[in-house]
Amino acid sequence: MRALLEAPGLDGAIDAVRLATVVLTARTPSTTGRVEIRSGELGRWLGMSSSYVASVVVPGLRRSGVVEIVTVQGEAGEDRGLECKVLPLWGARGRTGHPLALEKKEFATLLRLLEAVMAPGWVHRDGSVTPAGLLGSRTGRGAATDRLALLLLVLEATKTGRVRQCGGLVDTKRGRAAATVARLLGCRASAGERVLERLEERGLVRRIRLRTASGLAHRSRLTVPAVTAAHGRGGVANGEEDRATAVDPYLSEPDVAAGRIDAPGAAADAQVSEVQEEVGAEMAEPDVPIALHTDHTSVASESGGVAVAGGFSGEGRGGNRRRPERACTGEDQAPDSVAGDQLPASSGEGGPLRGEQPKKSPAAEVGVQAEVAAASRARLTVVNSGRQQQGRGVADLPDLRLRVALAPVSWLWSQLSRGQQAVARRAALQALEALSGIVDERVASQLLADRLADRLEETGGEALVREPMGWLIGRGLVQRQACTDERCDDGIRLDTRGDCLNCGAVTADRRAVRSRLRAEVEADLAGAGAAGLRAVYEERLREHTALEAGRARARHSRAAAEVETRRAAVARRRKAEDAAERARRSAVCSGCGLPDSAGLCPDCTFRRRVDVLVREAVDLVVVVRADLCDPEQVAALTERCEADTRALVADLARSGGDEALVGFAAREVAEGIRDDRRASAYQRLRTCEEAEAEAEAVYDTVLRRRPGGHEAARAAADEARGRTAQYVLERKLGQLQVLRVRVVAGRAPWRVG
């Protein structure tokens, strides 16, 4: 079961299929091994609609090969009633020791767990109510993924509700909890973070941030409060953070930082309030939280203030303001925006290193303001106060084609929000699909990257793009056709990367029209001034343009009318074909008169097929035993052999004992008799004179070419004998058919039985 749950997933559809398999497993009766459920009810368990289940989940289950489904279709052809059999569960039935060989009580426990996590809730006939599970009200997009994630977290949680997190290196921007959820679901860390955020919003999971004794944030814990409550353990209050005990400063270990050196009297006035909370064995971490800061001795006097420029600890040392020894290189440099400002010195009470939640240092505020100002001067940023959460970079895209195509606009891409990136990603994929239909799919990404680079060069660079979203959708990703050729983009052929010949022809035509109009105006207005010639020329050019536009509209109208005519003709033809098909299906049987038999019922079909097979079997006997030049002998042998064959077919068909299948059995018997007689005729004709003569000729020919190759000669002779026998058999059958045609036409004697 765990292997099924933790199979790699690519999208929400895969998660829905995996969750549906688990739901069907939990609802499988222990007695029959098959579960009957409606698609709408299965959709309620998954948080999806019945149409989504019928179009996505059920085909996915069938493709997976894990679940066997027999469907009962509704009025519109949809899968409504489902009879499902989980094949691994079915294969484990009766196998002692198999992990899926569940007993009745184990099925009940699994079903109760799923009801607690994701049951949609329902009212029984007796009035009792089964309440909805933790995610019973969660529906729509991502509902199946959230349900599957919560189920996996519940299975991973201990009695305390704590989930063991994954080890190794993880993305520090996402956190170890998000990486744990991502590895459980088999997806990327970004998707795991979104799932974890949705579960946190509903209060179903909780990330508890540990703190060191110095007050800095340390590791985080991932807990499931419902599991904690189910085991009768008290949960952690909202917003409460566990604190780790500080390391004894006098203990020296290789992986522990050096302890602080307290000044005299420092123990009486500690900066960090002591928190005595023991960390249990289950909550132990590989590394011990340590005190990251040393205590500073009290050196500042409370009377009077020292004027400082930047709020640094190295200032206030006299008029020369020289740096102390071993200080940082730029410590005495104040930010430009606050040069000369006077800040009061710290009084030593409530400083930034104390543990009683101090106020933000004015120097820190000034530093942040200076950094923001410097960053704003460094590059142009897109200002959007109502923007959603900032999106990721191009390098984080999962599709390699998109990473290559969007590389020239990586900075613009980073300025988009996540919602805008989703829209732009769809537009980029559409552009890639359009290019893939023109050129090879392997070079489509590079072509799109070249297009974006050219568009940026026209604009003047990324810094001059004020609206990245509008620029990408309306200008960067759009193919600009200068002519009617679909391969044209700004006068460049996408497949050859050369000049578009069609654009050149259009340009030449326009130049020819302008030259002709200019020559006509000069001929009509000889001696007129340049201004007059230009005015008349522009007027005629406008008239010509309007005339061409009218002609184009007329051509478009004619083309649209032709399309509608063709569509109407196709509709009429399809209607006539449907009517003819309905008439054919409703026609009575030509043999027995049974209505709605499409002209021939099954019984009559079998009888006609038997007649054909019997005639073929009789012909195979006649061509071998009779002289085809004697019509009387052929007629007598045909009549006698046909009677014997029909009697044999009837006896063998009735020997089965089932009268309803006599027609089908007769066809099978007739086919067997025909095949046996064909093989017998073939073997008999292998010894005829023509076959022997052909075999001897081939044998001699092979020996002449390869003296001593008797085995090869015999093999070639046998193959030639078989080909000749087949040829003779087909020739005799043709002669028999010609003889019968002549008899029917009255040109040869024949006794018809």
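When the alpha carbon gyration tensor of the stretch 503-577 is reduced to an equivalent ellipsoid, the three semi-axes, largest first, read 45, 12, 7 Å.
Could you order peptides 718-729, 136-147 by the average number of other Cβ atoms within 10 Å of their residues, highest first? Numbers along the way, then the final one.
Numbers: 718-729: 17.6, 136-147: 19.4.
My ranking of the peptides, most packed first, is 136-147, 718-729.
Available extension along the chain between residue 98 and residue 158 is 19.2 nm, counting 0.36 nm per residue and deducting the alpha carbon span.
Along its principal axes, the stretch 601-710 has C-alpha extents of 64, 34, 23 angstrom, given from the largest down.
Taking the Cβ-Cβ separation of residue 438 and residue 563 as r and a Förster radius of 25 Å, what is the calculated FRET efficiency to the nearest 0.05? Present the calculation step by step, with values, prior to reporting the outcome.
Numbers: r = 24 Å, r/R0 = 0.97.
After rounding, the FRET efficiency stands at 0.55.
Reported to the nearest whole Å, the Cα centre-to-centre distance from the stretch 588-625 to the stretch 469-544 is 73.
The gain in end-to-end length when the residue 577 to residue 123 segment is fully stretched comes to 158.3 nm, 0.36 nm per residue minus the alpha carbon separation.
Ranked by the mean number of other Cβ atoms within 10 Å of their residues, highest first, the peptides 706-714, 633-641 come out as 633-641, 706-714. Taking only the Cα atoms of the stretch 652-732, the ratio Rg/Rh comes out at 1.32, with Rh defined as the Kirkwood radius. Modelled this way, with points 7 Å down the Cα-to-C-beta line, the labels at residue 496 and residue 209 are 6.3 nm from one another. Remark: the stretch 425-573 is approximated by an ellipsoid whose semi-axes, taken from the C-alpha gyration tensor as √(5λ), come to 37, 28, 15 Å, largest first.
Our summary of shape: the Cα atoms of the stretch 21-169 have principal axis extents of 51, 44, 38 Å, ordered from largest down, in whole angstrom. A cut-off under 12 angstrom between Cβ atoms defines the neighbours of residue 522, and their net charge, with Lys, Arg +1 and Asp, Glu -1, is +2.
Sorted by average packing, counted as other Cβ atoms within 10 angstrom per residue and highest first, what order do 508-514, 29-35, 200-206 take? Please list the in-between numbers first.
Values: 508-514: 11.1, 29-35: 12.9, 200-206: 16.3.
Highest-to-lowest ranking by the protection proxy: 200-206, 29-35, 508-514.
With a Förster radius of 51 Å applied to the C-beta separation of residue 106 and residue 395, the computed FRET efficiency comes to 0.60. Under Stokes-Einstein, with the Kirkwood radius over Cα pairs as Rh, the value for the stretch 52-136 at 20 °C and 1.002 mPa s is 139 µm²/s. Using 0.36 nm per residue and subtracting the Cα-Cα separation, the extra length available between residue 693 and residue 518 on full extension is 54.0 nm. The calculated pair-distance distribution of the stretch 530-632 uses every alpha carbon pair, bins of 10 angstrom beginning at 0, and gives 12, 14, 13, 13, 12, 9, 8, 7, 6, 4, 1 percent. In this rough spin-label picture, where each label sits 7 Å from Cα along the Cβ direction, the residue 555-residue 71 distance is 4.8 nm. Given a Förster distance of 30 angstrom, what is the FRET efficiency for residue 487 paired with residue 410, based on the Cβ-Cβ distance and rounded to 0.05? After rounding to 0.05, the efficiency reads 0.60. Counted over the stretch 86-202 with a bin width of 5 Å, the fraction of Cα pairs per bin, in whole percents, is 2, 10, 15, 17, 17, 15, 13, 7, 3, 1, 0. Inter-label distance, residue 463 to residue 738: 9.5 nm, where each label sits 7 Å from its Cα along the C-beta direction.
Only the coordinates and a few stated rules stand behind these numbers; no lab work does. Note that the structure is a prediction, hence the values are computed from the model and not measured. Don't worry about glycine lacking a Cβ; one is built from the backbone with ideal geometry, like all the others, and counts go over all protein chains shown.
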